[in-house]
Amino acid sequence: MTAEVITPRRAGSYPIRIGIPFAVVMLLLAIGPLVGLPKFLQSLVVEILTFSLLALSLNVLLGYTGLVSLGHAAFFGVGGYALGIIASRFTPDIAITLPAAIAATVLLAIPVGWLSIRLSGFYFLMITFAFAQMVFVAAFRWKRLTGGSDGLIIPAPTLFGVPVLQGSQQFYFFTLAVFAICCVAMFAVVHSQFGRTLVGIRENTARMRAIGYNVRRYKLAAFLIGAAFSGVAGVLNALFNLFIAPESAHWTQSALVLVMVLIGGAGFFVGPIVGTAIVIALQYWLSSYTEYWGLVLGLLFIVLISGAREGVTGLLVQIYRRSHRATP
Amino acid sequence: MLEFLTVQSLNGLVYSMVLFLLALGLSLTFGLLRVVNLAHGAFFLMGAYFGTTVWGLTHSFWAAVVIAPLGAALMGGLLEKLWLQRFYVRDELDQVILTFGFALVFSDLMKVLWGKDIRGFPTPSAFSGAVEIANISFPSYRLLLILVGVALFVITWLAIERTRIGALIRASVADRVMVSGLGFDIRLLFTIVFAFGTGIAGLAGVLGAPIMGIYPGLDFEVLITTLIVVVVGGLGSIAGAFWASLLIGMAETFGKALVPEVASFIIFALMAGVLLIRAWGRDEEEVE
Amino acid sequence: MTAIRVDDLSKSYGHFSALASVNLTVEPGERRAVIGPNGAGKSTLFNIIAGQRLPTSGDIYVYGTKTTGLRPDAMWTHGLSRTFQRNQLFKNLTVWENVELACAARYRGWAGFAARRSNVSALERDIVDVLEQVKLAHISSAQVTNLAYGAQRQLEVALALAGKPKILLLDEPTAGMSPAETEAMLSMLSRLPRDITMLIVEHDMDVVFSIADAITVLNLGEVLADGSRDEIRANEDVGAVYMGRQRREA
C-alpha cells in the first residue's frame, strides 16, 4: 500500500531548474563590465537589480502570503533615510551604516506589522497605505532630521576609514553581490517549510488556523522579512544616488512596486524581477514622454487584469508549455 | 478667537460636504457592487473640467451644474457597462488594480484635453454675495454648498430607505441571488448605481470648481481623502459616510489652520486608528 | 476527567439569542452527536467550542483547562481538531501537499525546525499514515480541485486527523454526500481509534444513530434532551420536535 503513494517532486529539482539559469545570468552580469558593457547600461542594471530586490521583498507578502500592501516603499525609504542620517551625523562607515539601517527598518516594521496584520484584504491595503503616508509626511516635514522636501545628501561611504564604492564599476559589483545573496536568501525562505506555510495562509487562512498554525505570527514574520529586504534595497538605492528624498517613501512609489510585481507575475519567484526589468526599461525608453507615464502604466494595468492575470512570466510559461506539448 | 472658530467651522463644513458628495458615490458603489472604484477621483475632476468647458461655451453656471454631472455619469455608466461588469467575479485586488489603471489613464487623458494650468470659473451671480453669520460675512455660495450636501444626504437616505429602487438596492446588498430571482435585471441596477455614484462625484467637481481651482493631480488628492472618509465611515454606509465626512473635513480644516506641519499625518493616523479599533477583539473570520 | 465541558454557554447576536445557557459534557473516548432542527444553535455551539466565535457568556473547558476565547490554533494545541461544514481545503495544492501542511504543524517553531531537518522521513510517514486512514493514498498527487466531492470531504477529515487530536470535532461530515459516499465516510469514521473523542454535529439521523453513543438535542438555542442513543430514540419530546418531522419529510 505504502509503495503506491506518489510523493510530489521534492524541492531537489529546484537547484537545476532555477539555480543554474540564475548562476549563468549572474555570471554574465559579473563579466559584463569586464568585456565593455557601456556605463549607462551598467547603471541601468544597478537600478533594475535594486528595484528587483524591492519587488521580490514585496512578493514575499503579495505572492506567497496573499497580503496586498500599498505601503511597502515606506521601508525602502526608511532604509535609505536611516543610512543617510547615520552617515551624515555619525559615520559613513558601511560596517555600521548598513546593519544599522536595516535594523532601523525592521524596528519600524515590528509595530507597523504587528498592527497591520490584524486586518485583511482591502483593509490591510488601506492601513499599510496609512502607515506609509505617515512615514512620508514625517520625511517631508521633519526638516531638521531629513532635510524635508530638499532631501538629504549622503556622504560617500567608507569601510574602516577607507573610502569604498567610489567608482560606478565598484558599485556595480557591490550591487550584484548584495542582490545575489538576498535573492538566494529569499528563495530559501519561500521554498522552506515556512514558505509553504505562507502559501497555505494565502490559500486558506481559516483552515491554517484550524490545523494549528498561529497565522498572525507567520504573517508578522513574512511582513518583517519583506520589510528587511525592502530596507536593503533602500540602502542600495541611497548609496547609489548618495541622496534620498521623501518621494522614495511616497505611495506612488509603493504603487509602482506593486505594478512591477503584478506585471512580472506574483505567482512566480522570478516574476518581480521580470516585471521590474520591463517597467524600468519602459521608463528608460519613454523618458522623453515622462509626462504621460501614467497613461502607459494605466494601460498596462488594464491589459494585465483583462488578459494576462499571471503576468508576463505567466504568459511565457504558457507559451513554453504549449510549444513543448506541440513537439512531443 | 470666536471669529476664527466660526470661519474655520464654516469652511470645514463646506469642505466636509464636498467630501460627502464624493464619499456617497464611492460608498454606495462599494455597498452594492463590492468594487472599490479607484477611478472615483477621476470622475470628480472630469465633472469639474466638463463644467469649465460648458461654462466657456455658455457662460452659464447652471448649465455647467446640470450638464457636467450628466457627462460624468454617462462616462461612469459606459465604463461599468463596457468593462467593469465582466470583472465582478474576480477578487477585490483585481478590481482595485483595474480601476486604478483607469484612474491613471483618465488622469493623463484629461491632462491632454484640458492642459496643466489651474482652471476654474466664477460663482453664479445669484450667489456671488455674502451672508452675515455671527458678525462674519460668509460667501453665500459656500453656504449653498453646505445646503446641497445636507440635502443630498437626506434625499439619498430617504431614497434608499423608502423607495422601491432603494429597497432593491438594499436587498441586493444583502442577497444578490434573491434580487435576480425577482426578475429584476441586476446588471442594469449595477450600471445605474455606478453611473449615479460617478455623476455625484462629477457634481462635487463642478460645484467645488469655483472655490477650489482645478488642476491635474487633484483627482488623486480627492481620491485619497475620499478613501479615508469611506474607510472611516464604514464601506457601504451612507450615514457613516456623512459623519466621517464631517469628522475628516473638520479635522483637516482645523489641522491645516492650527498645526499645518502635521495635519495630513493626523488624518492618516485617524484612519489607521479607526481601522484598528474596528478590527480589535473581533471574532475570527466567519466560516462555516 | 471530562474531555469537553461546556458551562452555561450563551451567545446572542443583538437581540437574537442563538444559545441560552447550554451545558454539555463529553467524556474521553465518547462519540457524542449534537442534533436539532435548523436554527437550533448547533453550528454556533460548534464554532464556539472550536474557537471560531466568541461566546457572550459562559465557559469551555478542555480536559479541565479553561479555553474560553482561545483562537482555533490555540485550541489545536489543547488536542482539539475540527472539520468544516463547507470544505476548507487548499484547492490549488495536491492531496499530499494538503496533508503535509497539516502534519507539518506538529513539527513547527524553532524546536521543530531542528527536528524537521533530521525527521523528514518521520513527517512523510505521518502523511502516509493519514492518507491511508482516510483511503486517499492512491490519489495523493491529484490536485484538490480535480477530486470528486466525496474524496474532498474525506480530505477534510484527513486534515483534522493529521493533528493527531485527542478530540475530533466533525461539522456535518456527510453533508451533501451521495448514499455511497456517506457509507464510505461512516465506515472510515467507525474505524478510527476508539480513544479519539468525537463531537459530531449532524443533520442526518441515520448517520447519528450509526456512529454516536450519546446524543444532545438542541432546540431554539437550549438543550432539549441529553442521553444515550437509545434514550434519545425513545424520547417523545425529541420525536415531537425533530424526528417526527424528519420522518414525515422522508
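Quick one: which residue in A:Gly71, A:Gly79 is outside any helix (DSSP H, G or I) and either among the charged types (D, E, K, R) or closer than 20 Å to A:Ala221 by Cβ (or both)?
The match here is A:Gly71.
Could you tell me how many of the residues in the stretch A:248-280 are more than 22 Å from A:Val235 (Cα to Cα) and open to solvent by less than 20 Å² (accessible area, probe 1.4 Å)?
Qualifying residue count, the stretch A:248-280: 5.
Looking at the stretch A:224-253 only, could you name the residues that are in contact with a Ser or Thr (Cβ under 7 Å, 6 or more places away or on another chain) and under 24 Å from A:Arg202 (Cβ atoms)?
Scanning the stretch A:224-253 gives A:Gly226, A:Ala227, A:Ala228, A:Phe229, A:Ser230, A:Gly231, A:Ala233.
Taking the condition of being assigned to a helix (DSSP H, G or I) and over 22 Å from the mean Cα position of the chain (by Cα), how many residues in the stretch A:82-109 meet it?
Counting residues in the stretch A:82-109 that are assigned to a helix (DSSP H, G or I) and over 22 Å from the mean Cα position of the chain (by Cα) gives 7.
One line per residue, one yes/no per condition, for (1) more than 21 Å from A:Ala308 (Cβ to Cβ); (2) of a type in the set (Val, Ile, Thr); (3) assigned to a helix (DSSP H, G or I):
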| site | (1), (2), (3) |
| --- | --- |
| B:Leu38 | no, no, no |
| B:Val54 | yes, yes, yes |
| B:Val89 | no, yes, no |
| B:Leu93 | no, no, yes |
| B:Ile97 | no, yes, yes |
| B:Gly101 | no, no, yes |
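Give the stretch A:122-151 a look and list any residue that's farther than 21 Å from A:Pro111 by Cα and touching a Phe, Trp or Tyr at 6+ places or on another chain (Cβ under 7 Å), or say none.
Hits for the stretch A:122-151 are A:Thr146, A:Gly148, A:Ser149, A:Gly151.
Give the stretch A:209-227 a look and list any residue that's open to solvent by 20 Å² or more (accessible area, probe 1.4 Å) and either touching a residue at least 12 places away in the same chain (Cβ under 8 Å) or touching an Asp or Glu at 6+ places or on another chain (Cβ under 7 Å) (or both), or say none.
Hits for the stretch A:209-227 are A:Asn214, A:Arg216, A:Tyr218, A:Leu220, A:Ala221, A:Leu224, A:Ile225.
If you go through the stretch C:51-72, how many residues are touching a Pro at 6+ places or on another chain (Cβ under 9 Å), within 14 Å of chain A (Cβ to nearest Cβ) and either modelled with pLDDT of 90 or more or closer than 16 Å to C:Ala20 by Cβ (or both)?
0
Could you identify the single residue in A:Ala103, A:Ala23, A:Ala30, A:Ala74 that is farther than 18 Å from A:Leu258 by Cβ and at pLDDT 95 or above?
A:Ala103 is the lone residue from the list that is farther than 18 Å from A:Leu258 by Cβ and at pLDDT 95 or above.
Given (1) away from chain B (no Cβ under 14 Å); (2) within 22 Å of A:His250 (Cβ to Cβ), identify the lone condition not met by A:Leu37.
(2)
When you scan the stretch B:219-245, how many residues do you find that are away from chain A (no Cβ under 14 Å) and hydrophobic (A, V, I, L, M, F, W, C)?
Qualifying residue count for the region: 6.
Could you list, in sequence order, the residues of the stretch C:20-30 that are on the phi < 0 side of the Ramachandran plot and open to solvent by 10 Å² or more (accessible area, probe 1.4 Å)?
C:Ala20, C:Asn23, C:Thr25, C:Glu27, C:Pro28, C:Glu30
Got a sec? Which helices (runs of 4 or more DSSP H) wholly within the stretch B:202-288 have at least 2 residues that are hydroxyl-bearing (Ser, Thr, Tyr)?
So the answer is B:218-233, B:238-258.
Which of (1) over 23 Å from the mean Cα position of the chain (by Cα); (2) within 14 Å of chain A (Cβ to nearest Cβ) is the odd one out, the single condition B:Leu79 does not satisfy?
Status for B:Leu79: all satisfied but (1).
I'm checking my understanding of the structure. Among residues of the stretch B:264-279 that are within 22 Å of the chain's Cα centre (by Cα) and within 8 Å of another protein chain (Cβ to nearest Cβ), which one is most open to solvent (accessible area, probe 1.4 Å)?
B:Phe265
Can you tell me which residues in the stretch C:162-181 are farther than 16 Å from C:Arg106 by Cα and either of a type in the set (Asp, Glu) or surrounded by fewer than 17 Cβ atoms within 10 Å (Cβ to Cβ) (or both)?
C:Asp171, C:Glu172, C:Gly176, C:Ser178, C:Pro179, C:Ala180, C:Glu181 - these are the residues of the stretch C:162-181 that are farther than 16 Å from C:Arg106 by Cα and either of a type in the set (Asp, Glu) or surrounded by fewer than 17 Cβ atoms within 10 Å (Cβ to Cβ) (or both).
So, in the stretch C:73-90, of the ones that are closer than 12 Å to C:Leu169 by Cα and within 9 Å of chain A (Cβ to nearest Cβ), which residue ends up most open to solvent (accessible area, probe 1.4 Å)?
So the residue we want is C:Trp76.
Could you list, ordered by first residue, the pairs with Cβ atoms under 8 Å in which the first is in the stretch A:141-161 and within 23 Å of A:Pro99 (Cα to Cα) and open to solvent by less than 20 Å² (accessible area, probe 1.4 Å) and the second is assigned to a loop (DSSP other than H, G, I, E, B) and hydrophobic (A, V, I, L, M, F, W, C), at least 6 apart or interchain?
Once the first residue is within 23 Å of A:Pro99 (Cα to Cα) and open to solvent by less than 20 Å² (accessible area, probe 1.4 Å) and sits in the stretch A:141-161, its partners that are assigned to a loop (DSSP other than H, G, I, E, B) and hydrophobic (A, V, I, L, M, F, W, C) give A:Gly151/A:Ala245; A:Ile154/A:Leu242; A:Pro157/A:Val164; A:Pro157/A:Leu165.
Let's see how each residue does on (1) touching a Gly at 6+ places or on another chain (Cβ under 9 Å); (2) touching a residue at least 40 places away in the same chain (Cβ under 8 Å); (3) open to solvent by 20 Å² or more (accessible area, probe 1.4 Å):
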| residue | (1), (2), (3) |
| --- | --- |
| B:Leu13 | yes, yes, yes |
| B:His40 | yes, yes, no |
| B:Lys81 | no, yes, yes |
| B:Thr99 | no, yes, no |
| B:Val105 | yes, no, no |
| B:Leu109 | no, no, yes |
| B:Trp114 | no, yes, yes |
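Residue by residue through the stretch A:110-120, note down the ones that are in a helix (DSSP H, G or I) and either hydrophobic (A, V, I, L, M, F, W, C) or closer than 16 Å to A:Val164 by Cβ (or both).
Those that are in a helix (DSSP H, G or I) and either hydrophobic (A, V, I, L, M, F, W, C) or closer than 16 Å to A:Val164 by Cβ (or both): A:Ile110, A:Val112, A:Trp114, A:Leu115.
Scan the stretch C:193-205 residue by residue and report those that are open to solvent by 10 Å² or more (accessible area, probe 1.4 Å) and in contact (Cβ under 8 Å) with a residue 24 or more places away in the chain.
C:Arg194, C:Asp195, C:Ile196, C:His203, C:Asp204, C:Met205
May I ask you to say which residue of B:Phe138, B:Phe121 is away from chain A (no Cβ under 14 Å) and part of a strand (DSSP E or B)?
Matching residue, one of B:Phe138, B:Phe121: B:Phe138.
Can you name every one of the strands (runs of 3 or more DSSP E) wholly within the stretch C:1-106 that holds 1 or more residues which are under 30 Å from C:Val144 (Cα atoms)?
Counting at least 1 such residues, we get C:31-35, C:80-82.
Within the stretch A:122-232, which helices (runs of 4 or more DSSP H) (wholly inside it) include 2 or more residues that are of a type in the set (Gly, Ala, Ser) and within 14 Å of chain C (Cβ to nearest Cβ)?
A:193-203, A:205-210
Any residue in the stretch A:196-212 that is at positive phi and touching a Phe, Trp or Tyr at 6+ places or on another chain (Cβ under 6 Å)?
Yes, some residue in the stretch A:196-212 is at positive phi and touching a Phe, Trp or Tyr at 6+ places or on another chain (Cβ under 6 Å).
Among the residues in the stretch B:246-255, are any in contact with a Leu (Cβ under 8 Å, 6 or more places away or on another chain), open to solvent by less than 20 Å² (accessible area, probe 1.4 Å) and within 13 Å of chain A (Cβ to nearest Cβ)?
yes
Looking at A:Val312, A:Val261, A:Val279, A:Val303, which one is touching a Pro at 6+ places or on another chain (Cβ under 6 Å) and assigned to a helix (DSSP H, G or I)?
A:Val261
The values are calculated or read from the model by the stated rules, or taken from the named source; none is laboratory data. All values derive from a computational prediction rather than experimental measurement. With ideal geometry, Cβ positions are generated from the backbone for all residues, glycine too; neighbour counts draw on all protein chains shown. All accessible areas refer to the heavy atoms of the entire protein, side chains included, with ligands and DNA or RNA removed. Shrake-Rupley method; radii C 1.70, N 1.55, O 1.52, S 1.80 Å.
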